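One structure below.
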Amino acid sequence: MKKVVAGLLLLIVLGIAFFAWRSKNLGNSKKLTESQEMLTAVTQGLQQFKLHNYKYPTTEQGLQALLKEPSGSRMWRGPYLSESQLKDSWGRAFQYEATQAYGFRLVSSGPDGTFANDDDIVGTNF
C-alpha cells in the first residue's frame, strides 16, 4: 500500500513538473514568434526611413532616427514607429547596426537577454 501511494505521489510530482515545463516553453515559443513579428515591423520602419532619406540610419543614429529627426536630415517624414515598437516581446531594446553602405543588422537578445549567443533573433537587410 505504501508503494502504491509513493508511486502515485511520484506521478503527481512528475505531472506537475511536466506541465510547468511545457507552459514555460509554450510561453517562450509565443514570445519568439512575437519578437520575429516585431523585427519585421522595425524592418518596415527602416525601409520607410530609407525611402525618404535614401539610406538607412547610421549605427550612431540607431533606431532613435525612426522616432526623432536626426541632425542634418532634410527628407525625414517620421516618426516611422513608436517607442514601444523598438523593444522585443521581453521588453528589451533591439540592437541595431548599419552594415556596409546599404544594409543593417537588427537583433533581439532572445529569452535569456544576452546578445551573441544561440537564442538571439536576427534580422538583416543587405
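I'd like the residue in the range 19-70 that is at pLDDT 90 or above and small (G, A, S) and, out of all such residues, is farthest from the chain's Cα centre (by Cα).
Result: A65.
Table: residues versus (1) touching a Pro at 6+ places or on another chain (Cβ under 8 Å); (2) touching a residue at least 24 places away in the same chain (Cβ under 8 Å); (3) over 19 Å from Q36 (Cβ atoms).
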residue	(1), (2), (3)
F49	yes, yes, yes
Y54	no, no, yes
E60	no, no, yes
G78	no, yes, yes
S84	no, no, no
Q95	no, no, no
T99	no, yes, yes
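Could you list all residues from the range 97-126 that are at positive phi and among the polar types (S, T, N, Q)?
The answer is Q100, and nothing else.
The values are calculated or read from the model by the stated rules, or taken from the named source; none is laboratory data. Keep in mind that this is a model prediction, so the values were computed, not measured. Note: ideal-geometry Cβ built from the backbone for every residue, glycine included; neighbour counts use all protein chains shown.
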